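Colleague: Please read through the structure below; I'll follow up with questions.
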Amino acid sequence: MQTDFSVNLNDLESTGIIECPYCGKGKAYIYGTTGMQSSGCSVCKRIVLWDFDNKTAYKASAKKFAS
Ligand SMILES: [Zn+2]
């Protein structure tokens, strides 16, 4: 396993796209993923809960992390 291996996303077949519920500009590309993930929108930086099963995104409130 190479440690510097990087994935060319263009080589993957995207099975769907979810748009950011806040700005509609940020997008999450689905590659056969299931389940949900919370991450910041790449455009507006707000926390989004991406639901890959239903191809839907929800507005989520950020947890407080101690850093
Ligand atoms: Zn956004």
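Colleague: Where the only charges are on Cβ atoms (+1 Lys, Arg; -1 Asp, Glu), what is the dipole of the stretch 13-59 about its Cα centre, to the nearest 20 debye?
Modeller: 280
Colleague: What is the Cα coordinate range of the stretch 13-59 on the first, second and third principal axes, sorted by size from largest, in whole angstrom?
Modeller: 25, 17, 13
Colleague: In percent, what relative contact order does the stretch 13-59 have, based on Cα pairs under 8 Å that are 6 or more apart in sequence?
Modeller: After rounding, I find 35 percent.
Readers should treat all values here as calculations from the given coordinates under stated rules, not as data from a laboratory. Because the structure is predicted, anything quoted here is derived from the model rather than measured. All Cβ positions, glycine included, derive from the backbone under ideal geometry; neighbour counts span all protein chains shown.
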